[in-house]
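Student: Let me give you the structure first, and then I'll get to my questions.
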Amino acid sequence: MAMTATADRAHADPHHIGVVIEHPGPAPKRIVTAYGFWVFLLSDIVMFSCFFAAYAVLADQTAGGPKGSEIFDQRNVAIETVCLLLSSFTCGMASIAADVRNRFWFYLGMAVTCVLGLIFLAIEFREFADLVARGYGPSRSAFLTSFFSLVGCHGLHVSAGVLWLLTMMAQVFAKGFRADVLRRMMCFALFWHALDIVWVGVFSVVYLLGSGT
Amino acid sequence: MSDQTHMLAGHDLAPGDEEQHSVGARILGYVVGLALALLLTATSFFIAGTDLVWQPSIPVALIVLAIAQMGVHLVFFLHITTGPDNTNNVLALAFGLLVVFLVVGGTVWIMSHLNANMPPMDQIMPMRR
């Protein structure tokens with residue numbers, strides 16, 4: 001007993017400066033997990049910034065092919081933007097429902113998020129298929145290469161997000177609102193909101209700036 | 001590490017987590033965020049297609065609106081605040097932004113100078129033959 005007390009004391013005051021500070025100990029796992037995921041998201045955003053930089057440099061290199069203003073359909077982009085924005089909102093509702101352990105609102109919020117994400121993906125896929133059918137595929141010009149890789153990379157992230165979303169619904173269905181499931185749900189919500197932030201950059205820089213000039 | 005869902009007193013906040021609020025207050029936060037984001041999005045789409053404003057100001061306005069909307073998302077959806085329990089999250093964000101600005105700004109700066117100092121393509125092509 002005395003041994004442990006001494007050990008504790010030495011641990012709290014490793015340099016024997018005589019001031020024992022009440023240390024709260026390691027952070028709860030929820031904070032550690034979410035912080036690690038936050039750092040991952042930021043590095044993902046750094047990766048996106050490279051695609052943005054490539055697009056900004058190559059936007060005028062059309063090699064005789066179409067310019068952005070000739071191939072972008074603002075109405076489609078507006079629908080995509082509203083879908084993603086609303087899905088971010090419903091994802092927030094689902095994470096509140098998960099925090100208060102309400103299954104009905106959780107499933108409803110996640111299902112609406114999933115449908116909105118799928119509508120977004122369908123519109124984007126149709127846009128890509130239409131461009132390729134007209135001969136404006138990614139190999140047509142440097143501008144189209146950078147356009148397809150930037151927007152396609154975001155689309156791949158959304159697809160992965162939809163798969164993750166379905167996994168989270170299945171996990172809550174099978175395991176209930178356990179602490180580890182709630183941590184994954186929190187990471188998923190961070191991921192989905194971060195995708196929406198990247199999309200704000202995409203529609204502003206690619207579609208709106210590109211169609212103006 | 002304890003497996004608690006909610007933070008203990010004196011700890012930091014996880015990114016995405018809020019301080020303890022009632023469900024109503026949390027939903028209200030998301031509604032305000034959604035309304036602001038929709039307003040900024042609508043403004044962006046309106047400005048991009050209008051003749052009512054001075055044309056050279058449009059790109060600047062679009063970029064400012066985009067940054068404002070990213071800020072709205074960070075505050076209302078990701079719950080990044082300036083509180084002392086959020087210091088770690090804000091510092092990580094600040095470092096991320098530094099790298100983003102170095103990459104994008106540096107690339108655009110260097111490549112525009114290269115472009116300006118290159119002879120036009122139709123003069124290069126004969127030289128290579």
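Student: In chain B, which whole DSSP H runs stretch at least 15 Å along their own axis (Cα) and average 1.6 or higher on the Kyte-Doolittle scale?
Tutor: Helices meeting the span and hydropathy rule in chain B are B:23-48, B:57-72.
Student: Let me ask something else. Explain nothing, just the number: dipole magnitude of the protein assembly as shown about its Cα centre with +1 on each Lys and Arg Cβ and -1 on each Asp and Glu Cβ, in debye rounded to the nearest 20.
Tutor: Charge dipole, the protein assembly as shown, about its Cα centre: 640 debye, nearest 20.
Student: Hey, if we sort B:R26, A:R75, A:R184, A:R101 by accessible area with the 1.4 Å probe, largest down, what's the order?
Tutor: Largest accessible area first, the residues go A:R75, A:R101, A:R184, B:R26.
Student: Against the longest principal axis of chain A, how steep is helix A:74-99, in degrees 0 to 90 to the nearest 10, with axes from Cα atoms?
Tutor: In chain A, helix A:74-99 runs at an angle near 20 degrees to the longest axis.
Student: In the full protein assembly as shown, how much of A:I197 is accessible to a 1.4 Å probe, in Å² to the nearest 10?
Tutor: Looks like 20 Å² after rounding.
Student: Follow-up. Give the shape of region A:118-163 as rounded, prolate or oblate, defined through the alpha-carbon gyration tensor: a ≥ b ≥ c are the square roots of its eigenvalues, a/c under 1.5 means rounded, and otherwise the shape is prolate if a/b is larger than b/c and oblate if not.
Tutor: oblate
Student: Mind giving me the nanometre distance, one decimal, between the label points for A:S149 and B:L91, set 7 Å out from Cα along Cα→Cβ?
Tutor: 3.4 nm
Student: Going from most exposed to least, what order do A:W199, A:W105 have by accessible area with a 1.4 Å probe?
Tutor: A:W105, A:W199
Student: Now a separate question. I'd like the FRET efficiency for B:W54 and A:Q74, computed as 1/(1 + (r/R0)^6) with the beta carbon distance as r and R0 of 30 Å, rounded to 0.05. Can you show the working numbers first?
Tutor: Values: r = 21 Å, r/R0 = 0.69.
Working from the Cβ atoms, E equals 0.90.
Student: Turning to a different aspect of this structure: Tell me whether chain B comes out rounded, prolate or oblate; compute the Cα gyration tensor, take square roots of the eigenvalues as a ≥ b ≥ c, and use a/c under 1.5 as the rounded threshold.
Tutor: Oblate.
Student: Which whole-Hz ³J(HN,Hα) couplings does region A:39-50 yield from phi under the Karplus relation 6.51 cos²θ - 1.76 cosθ + 1.60, θ = phi - 60°, glycine and proline marked x?
Tutor: 5, 4, 4, 5, 6, 5, 5, 4, 4, 4, 4, 5
Student: Ranked from the most accessible area to the least, with a 1.4 Å probe and all protein chains present, what is the order of A:V172, A:V46?
Tutor: A:V46, A:V172
Student: From the square roots a ≥ b ≥ c of the eigenvalues of the alpha-carbon gyration tensor of the protein assembly as shown, which class results: rounded (a/c under 1.5), prolate (a/b over b/c), or oblate?
Tutor: Prolate.
Student: When Cβ neighbours within 10 Å are restricted to other protein chains, what is their mean count per residue of peptide B:73-79?
Tutor: Across the residues of B:73-79, the mean count of other-chain Cβ atoms within 10 Å is 6.
Student: Shifting gears a bit: Within the protein assembly as shown, what whole-number % of the accessible surface is contributed by carbon and sulfur, with the 1.4 Å probe and all protein chains included in the calculation?
Tutor: Answer for the protein assembly as shown is 70 percent, counting heavy atoms of protein chains only.
Student: With a 1.4 Å probe and every protein chain left in place, tell me how much accessible area A:Y35 has, in Å² to the nearest 10.
Tutor: 80 Å²
Student: Please give the total accessible area that chains B and A bury against each other, computed with a 1.4 Å probe and expressed in Å² to the nearest 100.
Tutor: 4500 Å²
Student: Near the amide H of A:Q61, under 5 Å away, which other amide H atoms are found, from residues 5 or more places off or on another chain, if H is placed in the peptide plane?
Tutor: Hits under the 5 Å cutoff: A:F143.
Student: Find the relative contact order for chain B and round it to a whole percent, using C-alpha pairs within less than 8 Å whose residues are 6+ positions apart. Numbers along the way, then the final one.
Tutor: Working: 61 pairs, mean separation 39.8, N = 129.
Worked out over chain B, it gives 31 percent.
Student: To the nearest whole number, what is the average tally of beta carbon atoms from other chains within 10 Å of the beta carbons of peptide A:98-109? Walk me through the numbers on the way to the answer.
Tutor: Working: counts 1, 6, 2, 1, 1, 0, 0, 1, 0, 0, 0, 0.
Per-residue shielding by partner chains comes out at 1.
Student: Could you state the angle between the C-alpha long axis of helix A:179-202 and the longest principal axis of the C-alpha atoms of chain A, as a value from 0 to 90 degrees rounded to the nearest 10?
Tutor: 30 degrees
Student: Can you give me the solvent accessible area of A:K29 with a 1.4 Å probe, rounded to the nearest 10 Å²?
Tutor: 80 Å²
The values are calculated or read from the model by the stated rules, or taken from the named source; none is laboratory data. Since the structure is predicted, the reported quantities are computational estimates derived from the model, not experimental observations. Don't worry about glycine lacking a Cβ; one is built from the backbone with ideal geometry, like all the others, and counts go over all protein chains shown. These accessible areas exclude ligands, DNA and RNA; they are computed on the full protein's heavy atoms, side chains included. Shrake-Rupley method; radii C 1.70, N 1.55, O 1.52, S 1.80 Å.
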